[in-house]
Amino acid sequence: MTRHFLALHDFNEIELYGMLALARDLKEKQKQGIPHRLLDGKTVALIFEKSSTRTRVSFEVGIFQLGGHGLFMPSTTSQMGRGEPIRDTARCMARYCDGIMIRTYGQEIVEEFARFSDVPVINGLTDAFHPCQIMADLLTVIEHKRTWEGLKFAWVGDGNNMANTWIEAAAILGFELSLACPQGFEPDAKVMAWAHSRAPGLISLTTDPKVAVAGADVINTDVWASMGRESEQKEREKIFVGYCVDDALLDLAQADCIVLHCLPAHRGEEISDSVIEGKHSAVWDQAENRLHVQKAIMTSLIIR
């Protein structure tokens, strides 16, 4: 049966940790210059309905390093952009390629694509979830903290796809997560309900960033207006006042905390320049780790 990577809730702790272990191994091989052409002769289609920097580059470079070939496909230059049914595209692409990555808007798009694809489909980002990014974040935490066990994670900002996926990760892996979101900008209620039923007491929601960050080991944030919501930017700037991860907020966290941001960052809004460039920032390790975890995800799915 074909296995897809659409959201973290499709996997258990052992499976996720296995992918992270593989990512660490592949990263070490790359650093040592050891070839790891695990996808030699394989082709992966990369379908983009949303613009991208890190997702495109990390997937294309990753496929190349694994010995495969990546096909960059902006939806505007394909029949999907002209309204071809998703199921028709999925059936055809699955006969040409060994795997498919999609970066799009609705989660229902990647789910329908997966239903009609005989090869693995990877969610490169939707409005609901961003599982590849959170896997990179978890690898970064392991590198800096050795483990997530016993740590407090804090999320500050919009209850967006990143927040939803952190909630899933906390429920599956069993770590404490405190989210601070303005009223009306909370994470998805169904995701929260699922997480509470799976891991009661581990995940909390507040409107006060100071409460969320107090004693935190890992602090996460993201832009206030995600892609597709740029028209709300000015309104959100007023609503999100006080939700900037700055030095004053950092003083409430653990002295050896790390700060994560999935990028791109609006410096001076959700994160200060001094924090993203400061000693607590693990942002650049986090960005690099997209490459390594996505290589592990592709390898795990395609040659399983």
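For residues that are basic (Lys, Arg), assigned by TED's automatic domain parsing to the domain that holds Ser78 and surrounded by fewer than 22 Cβ atoms within 10 Å (Cβ to Cβ), tally how many sit in the stretch 102-157.
Within the stretch 102-157, residues that are basic (Lys, Arg), assigned by TED's automatic domain parsing to the domain that holds Ser78 and surrounded by fewer than 22 Cβ atoms within 10 Å (Cβ to Cβ) number 1.
Quick one: which residue in Arg82, Arg87 is without any contact (Cβ under 8 Å) to a residue 24 or more places away in the chain and either more than 19 Å from Asp40 (Cα to Cα) or aromatic (Phe, Trp, Tyr) (or both)?
Arg82
Go through the stretch 112-144 and report how many residues are touching a residue at least 60 places away in the same chain (Cβ under 8 Å), assigned to a loop (DSSP other than H, G, I, E, B) and over 12 Å from the mean Cα position of the chain (by Cα).
The number of residues fulfilling the criteria is 4.
Tell me yes or no: at least one residue of the stretch 192-211 is in contact with a Phe, Trp or Tyr (Cβ under 8 Å, 6 or more places away or on another chain), of a type outside the set (Lys, Arg), within 12 Å of Ala170 (Cα to Cα) and surrounded by 15 or more Cβ atoms within 10 Å (Cβ to Cβ).
Checked against the condition, which is being in contact with a Phe, Trp or Tyr (Cβ under 8 Å, 6 or more places away or on another chain), of a type outside the set (Lys, Arg), within 12 Å of Ala170 (Cα to Cα) and surrounded by 15 or more Cβ atoms within 10 Å (Cβ to Cβ), the stretch 192-211 yields at least one hit.
Examine the stretch 219-232 for a residue that is aromatic (Phe, Trp, Tyr) and within 19 Å of Gly159 (Cα to Cα), and state whether such a residue exists.
Within the stretch 219-232, one or more residues are aromatic (Phe, Trp, Tyr) and within 19 Å of Gly159 (Cα to Cα).
Hand me the list of helices (runs of 4 or more DSSP H) wholly inside the stretch 230-303 holding 2 or more residues that are buried (at least 19 other Cβ atoms within 10 Å of the Cβ) and β-branched (Val, Ile, Thr).
273-276, 283-302
Need at least 1 residues that are under 18 Å from the mean Cα position of the chain (by Cα) and not basic (Lys, Arg) per element, so show me which strands (runs of 3 or more DSSP E) inside the stretch 1-111 make the cut, counting only ones lying wholly within it.
By residue number, 43-48, 99-103.
Table: residues versus (1) assigned by TED's automatic domain parsing to the domain that holds Met101; (2) farther than 17 Å from Pro209 by Cα; (3) among the polar types (S, T, N, Q).
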residue: Gly268; (1), (2), (3): no, no, no
residue: Ser272; (1), (2), (3): no, no, yes
residue: Lys279; (1), (2), (3): no, yes, no
residue: Met298; (1), (2), (3): yes, yes, no
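Restricting attention to the stretch 185-203, which residues are aliphatic (A, V, I, L, M) and in contact with a helix residue (DSSP H, G or I) (Cβ under 9 Å, 6 or more places away or on another chain)?
Of everything in the stretch 185-203, those that are aliphatic (A, V, I, L, M) and in contact with a helix residue (DSSP H, G or I) (Cβ under 9 Å, 6 or more places away or on another chain) turn out to be Val191, Met192, Ala195, Ala199, Leu202, Ile203.
Every residue, every condition in (1) surrounded by fewer than 20 Cβ atoms within 10 Å (Cβ to Cβ); (2) modelled with pLDDT under 95; (3) more than 21 Å from Leu125 (Cβ to Cβ), yes or no:
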| site | (1), (2), (3) |
| --- | --- |
| His9 | yes, no, no |
| Asn12 | yes, no, yes |
| Gly33 | yes, no, yes |
| Arg37 | yes, no, yes |
| Lys50 | yes, yes, no |
| Pro74 | yes, yes, no |
| Arg91 | yes, no, yes |
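Tell me which of these Asp98 doesn't satisfy, since it passes every other one: (1) in contact (Cβ under 8 Å) with a residue 60 or more places away in the chain; (2) over 19 Å from Arg3 (Cβ atoms).
(2)
Of all residues in the stretch 158-198 being in a loop (DSSP other than H, G, I, E, B) and in contact with a Leu (Cβ under 9 Å, 6 or more places away or on another chain), which is farthest from His261 (Cα to Cα)?
Once the filter is applied, the top-ranked residue is Gly174.
Has the stretch 244-262 got any residue that is within 18 Å of the chain's Cα centre (by Cα) and acidic (Asp, Glu)?
Looking through the stretch 244-262, none of the residues is within 18 Å of the chain's Cα centre (by Cα) and acidic (Asp, Glu).
So Ser58 clears everything in (1) free of Cβ contacts under 8 Å to residues at least 12 places away in the same chain; (2) within 24 Å of Ala169 (Cβ to Cβ); (3) among the small types (Gly, Ala, Ser) except one condition, right? Which one?
Going through the list (1) free of Cβ contacts under 8 Å to residues at least 12 places away in the same chain; (2) within 24 Å of Ala169 (Cβ to Cβ); (3) among the small types (Gly, Ala, Ser), Ser58 breaks only (1).
Take the residues in the stretch 275-302 that are under 25 Å from His69 (Cα atoms) and among the β-branched types (Val, Ile, Thr); name whichever of them is farthest from the chain's Cα centre (by Cα).
Residue satisfying both the conditions and the ranking: Ile302.
The values are calculated or read from the model by the stated rules, or taken from the named source; none is laboratory data. The model shown is predicted, which means the values in this text are computed figures rather than measured ones. Reconstructed Cβ throughout: ideal geometry from the backbone, glycine too, with neighbour counts over all protein chains shown.
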